[in-house]
Structures are given as structure tokens and as C-alpha cells.
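Below is one structure; the comments refer to it alone.
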Amino acid sequence: METLYQLVELFPYAILGSILAGVICSFLGIFIVSQRVVFLGAVLTQVAIAGVAFSFLHIIHIETFIANILGVSIQENNFLQNFEPIFYSLLFAILTVIVFSQTHHQKYLTQDGILGIIFVVAIAVRIMFIQKSPIADIAEVESILKGDILFISQKEFIILALILIFTLSVFTIFRKQLQFVTFDAESASAHGINSKVWLLIFYIIVGTGISLTTRFVGDVFAFAYLIIPSSIGILISKKVKNVFLISVLVGAIVPPISIYFAFKFDFSSGPTAVVTAFLLFLIVFIIKKLRG
Amino acid sequence: MNKEIIKFTDASIGYGKTVVASGINISIAENDFVGIVGPNGAGKTTLLKSLLGNIKLINGNLSKDQIRFGYVPQRDTVQPLLPYTVFDVVMMGRYSLSGSLKKISSEDKRIVEESLAYIGMSDLKDKNYNSLSGGQRQRTLIARALAVEPTVLILDEPTNGMDTPSHYSLLDLITKLHNEKKLTIFLVSHLLTDVANIVKKIILIDKNYFQFGEVEEILSETNLRNTYSSDFHISLVDGEYVITPIHLKKN
């Protein structure tokens, strides 16, 4: 109990932020998994990190540009401080999903092939950006790039909450269109729904959610929570509504529990959250298999 | 003479600047029943997409009356991982007709129930779509197209990979839809005998070849040779066409 009190006292936003990040990833993950574009999740996490690495080069000072437009000082504005990493990770991710959404009907390469190319290029340019970064310690840069659940601040918690509200709002308001195009884009087009536009909107939301979440909780956590909770939901549920309910519950409950274990047994929080979710998946899978 | 609702004039279809088929002249009237046949890659799907307005014509003109399309894709292209019920799938047909903020109405539900009843799937409405047989899935997709309350129904290879009873049962259903609901139907199929026996008009399409007209007028061994670059034998048995590839006949 004492460990729990210490944890809540020391890292309140880490606990709350992990719940929000888990919910965002597990919710988006249902669409990623059901669209059979799981690799897109892995690619977006790497692209987002490459975006953050790019921001360290300080080639274009977006923060200064926005501060000038708004007439505010960067030093006095909490939001504008560290705005560049968020901006570039989002920009890189959105550019990636725009390119990806246009690849559905081309016949030269498979979508997996295209994602594979983006994946390795993202990792390669990240390394190159880091090498040219003014920050000397590469290990330090890598740790900044990859985020950590335990260091989620109040500001990051608020951003995660905004991403969650935005994602849920868009998927609630445009549920019909997004459900139809992700189920059967060809028929949706034939029935008058502009599948190209709606798929683009879908991928932009996914790109936004994944890139920002990766920035705060790390690529391993983000990718794992895109796949594992939704896979558990799909394994257990017989109704679509229940897939969402179970996935989101797993995404919300497992991260804070795993932070507790990580804290108690002195493990890194991200990997512990992944392993805990995997163990739950394994139990569910075995029970499902035994029940036939 | 029924009212003309669709007209292609000197049309070339394709993707970007790549022409898949050209010289297309088609005039479709209300309650027409049209079969589209041709070899793989001939442009059947491209023609459908042009008709639906999903791709632009490269050349020529397409005029359409105020028509609403119901589309039945090849069922292999619809393989959801999520456990959608038959009712959920058919309800999607209503999504294109109502605004984003509008809730699913009792009218929507009634139309979905009616569509399911018409194709004989009411008992299976709560079943998982993935657990259905091929024939049941195809019927579900037809019900979804009917839920759109279409004037034109387009079916893309609806009997592909089906066992014989399901195959003929589905062809009966399509004929019934044409006769009872007075729908204009486009049926894409590679099964020549099927198409020739149930449709009224036929489109023969290949890269550099296009024919359209009444079945009796278009269906000839010469036209089939020009379309498929293979020889066929056409015979009439008990008033029904039997179309056999010549090499099969020799065997």
C-alpha cells in the first residue's frame, strides 16, 4: 500500500496520463487492426520520433514564428516551450498518412512494401538527425525522443486529454461514414460516400493520435497498446460494441497497474506495461483456445 | 419503350491517362437487365466504376438521370475482423442517406428489416457476418444494396465460388429483384451461360472490342471470339443457351 501511496504522490500525472494514452491507443488500434494495417502503427511511431529528432536541428524556428504572430514571449508561454518536437512529430506523421492513404489503388507496390520503406527511412533519418543535433549526448537525445510514461507532466496530461476528446468526438460524429469506409471502402464509394476523403480523415486522426501519444509515452508503449488491447477485444467479443468496450477497458486499466509493478520492482514503465498487456493477451488466448 | 436513364457516348474509360476500353456507346433504360462479360482485365470493373462516378471518363460523355445505385461487391473483398452482425452490415446501406448527426431512425430500421425479409435472411439478422456461408454473405450484401432503396442495382461476380444450389438460388433472387422490384440491373460475371440466360441486354468488353445490345443480337460465336480470343460453341437446349469453349467440347 505504501508503494501505491508513494507512486500516486510522486507521479500523479504519469498514472492519469498512462490511462489516457492507453485509451487513445486501444481505441485507434481497433481500426488499425481491423483494417489489417498493423504495420502502419509501427511506422507512425517511428515517423513521429523522426519528427522529434528533426526538431532538434532547429532548422526552422516554428516556436519563434508562432510567438511573433501571437505577440507573446516563448519564455513566458508554457505551451510554446517544447512546441517544436510536437509540431514536427505531428507534421511527419500526417505527411506519412497522406502518402499512405493515396496508395490504396496503385498497383506497383503492396501497402506493406510502402510501409516498410517508410519505416526504415524514418529510422535512418532519425539517426542522421541525431548525429547532427547540437545536443552532444546521443543517449540523452534518444531518451528524450522516445518519451517515458513516468515523466508525463500536467501539460502533457492536458494534451493527451485533448487528443482523446478530439478522437472520440470525430469518431462519434462521423461514425457512419468512418464505419462504412473502414468496413468496405469500395461499396461506400459506390453508395455515394467519398471513401478517399473519409479514409484520409481517418488516417489523419490515427496519425495525430499515434504521433502525439508516442511523443509522451514512447514508441514501444504506443505500438503495443495499438495492437494488444484491440486483439483481446476481438478475441473475446461477439459484438462490435463489446470489442470497443473491452479494448478501451484493457487500455485504461493495464497501464496504471503496470506502472505500479514497474515502480515496485524497479523496472522501466514502458516495457513493463507492454509485458503486462501481453500476459493478459496470452491468458485470454489460452482460455479462448481451451474453450474451442 | 422505357425512359432512358444512363447514356455513354463515345466514351473511353481507364485510370489516369491509361485507356482500358474505348468506343463505348451504351443506352440503358429503366428496368433494363444488363450483363457485362469479358475476359479478366478487360475493363468490366473500370466500366462499373465509371458508371458509379468513382472514376472520370478519359474521353466522351456520360449522362445519368436522377438514379440511386445499390452496389453488391465481390464478397471476398469484404472480410471484416470485427464481429459485425448481419443487421449491422445491412444498416450500412442506410448510412449514405442520412447526415452525420442524424441518428438511425425507426424508418431506417424498418427498411433494413424489409430488405432482410425480402432476401430471406430475417432469421439470421443477429448472426455474425463472418460465421455465414458464402451464399448467405452474398445475400447480406444484396440486402445492404436494397436498403439504399436503389433504382439501379449493380452486382459484381455475385456467384463466384458458390456451390451449385446457392449459385442458382442467387440467380433466381436476382431475376426476382428485376421482375418484382422493377430494378435496372447490371450483372458482371465471367459465367457466359448464366448471363446469357437471365439478362435481356449484354455488354461484351475487351481492351479493343466493345459490343452492346439485345442478347439475341449480340450473342454470336464471332463476337465471343473477338472478345475472348478463343472459340466458343453456342447452342440452344430447351430454349436456354449453352455456351461451351471449343476445346472443352472436343474433350
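We did not get these values from a lab; they are worked out from the coordinates using the rules stated. Small disclaimer: the values here were computed from a predicted structure and weren't measured. Every residue, glycine among them, receives a Cβ derived from its backbone with ideal geometry; neighbour counts consider all protein chains shown.
Say each of B:Val237 and B:Glu4 gets a label point 7 Å from the Cα, pointing the same way as Cα to Cβ; how far apart are those two points in nm?
Result: 4.0 nm between the two label points.
When the label point is put 7 Å from the Cα of B:Leu97 along its Cα-to-beta-carbon vector, which residues of segment B:64-84 have a backbone N closer than 12 Å?
Once the point is set 7 Å along Cα→Cβ of B:Leu97, B:68-70 turn out to lie under 12 Å by backbone N, inside segment B:64-84.
Considering amide H positions built from the backbone, and no H for Pro or chain starts, which residues 5 or more places from B:Ile36, or on another chain, come under 5 Å of its amide H?
B:Leu187, B:Val188, B:Ser189, B:Ile203
Kindly provide log₁₀ I(q)/I(0) values, in the same order as q = 0.16, 0.25 Å⁻¹, from the Debye equation applied to equal alpha-carbon scatterers of segment B:122-165.
The Debye formula, applied to the Cα set alone, gives -0.48, -1.00.
Only residues of segment A:22-55 count here: report those whose backbone N is under 19 Å from the spot 7 Å along Cα→Cβ of A:Leu168, or say none.
A:22-32
Which entries in B:Lys56/B:Lys125; A:Lys241/B:Lys109; B:Lys7/B:Lys125; A:Lys196/B:Lys17; A:Lys196/B:Lys44 show an alpha-carbon gap greater than 26 Å?
Values: B:Lys56/B:Lys125 37 Å; A:Lys241/B:Lys109 18 Å; B:Lys7/B:Lys125 38 Å; A:Lys196/B:Lys17 20 Å; A:Lys196/B:Lys44 21 Å.
In this structure, B:Lys56/B:Lys125; B:Lys7/B:Lys125 lie more than 26 Å apart at Cα.
Take every DSSP beta bridge with both residues inside segment B:145-233 and express the antiparallel ones as a percent of the total, to the nearest 5. Could the numbers behind the result be given before it?
Numbers: 6 of 11 bridges.
Of all bridge pairs located within segment B:145-233, approximately 55 percent are antiparallel.
Size of the protein assembly as shown along its principal axes in angstrom, Cα-based, largest extent first?
88, 52, 49
Among B:Gly161, B:Tyr228, B:Leu187, whose Cα projects farthest towards the positive end of the dipole of segment B:124-251, with charges put on the beta-carbon of Lys, Arg (+1) and Asp, Glu (-1)?
Checked the options; the winner is B:Gly161.
With the crude spin-label approximation of a point 7 Å out along Cα→Cβ, what separation in nm comes out for A:Gln102 versus B:Tyr168?
5.2 nm
Report the residues of segment B:124-165 in range of a label on B:Thr193: point 7 Å along Cα→C-beta, backbone N strictly under 16 Å from it.
Once the point is set 7 Å along Cα→Cβ of B:Thr193, B:159-165 turn out to lie under 16 Å by backbone N, inside segment B:124-165.
Taking the square root of 5 times each eigenvalue of the Cα gyration tensor, what semi-axes in Å does the equivalent ellipsoid of chain B have, largest first?
Those come to 31, 23, 17 Å.
Can you work out the FRET efficiency for the pair B:Ser122 and A:Ile117, with r the C-beta to C-beta distance and R0 = 56 Å, to the nearest 0.05? Don't skip to the answer; put the middle values down first.
Working: r = 49 Å, r/R0 = 0.87.
After rounding to 0.05, the efficiency reads 0.70.
Take each uninterrupted DSSP H stretch in chain A, measure its Cα extent along the helix axis, and return the ones at 24 Å or beyond whose mean Kyte-Doolittle hydropathy is at least -1.0.
Numbers: long enough: A:12-34 (33 Å, 2.07); A:38-55 (27 Å, 1.99); A:83-101 (27 Å, 1.98); A:111-131 (30 Å, 1.84); A:154-173 (28 Å, 1.95); A:195-217 (32 Å, 1.41); A:219-236 (26 Å, 1.95); A:240-265 (37 Å, 1.68); A:269-291 (33 Å, 1.60).
Helices meeting the span and hydropathy rule in chain A are A:12-34, A:38-55, A:83-101, A:111-131, A:154-173, A:195-217, A:219-236, A:240-265, A:269-291.
I want the antiparallel fraction of DSSP beta bridges within the protein assembly as shown, as a percent rounded to 5.
Given both bridge residues lie in the protein assembly as shown, the antiparallel proportion sits at roughly 60 percent.
Sort out for me the Cα centre separation of segment A:184-242 from segment A:155-180, rounded to whole Å.
Taking the Cα centre of each part, segment A:184-242 and segment A:155-180 sit 11 Å apart.
List B:Thr140, B:Thr9 from most exposed to least, where exposure is judged by having the fewest other Cβ atoms within 10 Å.
Values: B:Thr140 28, B:Thr9 14.
Neighbour counts put them in this order, fewest first: B:Thr9, B:Thr140.
Rounded to the nearest Å, what's the spacing between the alpha carbon centres of segment B:1-76 and segment B:111-144? Just the number, please.
Result: 28 Å between the Cα centres.
If you count, for every residue in B:4-16, the Cβ atoms of partner chains within 10 Å of its Cβ, what is the mean?
Per residue, the average neighbour count from other chains is 0.
Quantify how strongly other chains surround peptide A:39-49 by giving the mean number of their Cβ atoms within 10 Å of each of its Cβ atoms.
Neighbouring Cβ atoms belonging to other protein chains average 0 per residue here.
Would you work out if segment B:181-251 is rounded, prolate or oblate? Take a ≥ b ≥ c from the square roots of the eigenvalues of the alpha-carbon gyration tensor; rounded if a/c is under 1.5, else prolate when a/b is larger than b/c, oblate otherwise.
oblate
How high is the FRET efficiency from A:Thr64 to B:Asn179, r the C-beta distance, R0 60 Å, rounded to 0.05?
It comes out at approximately 0.25.
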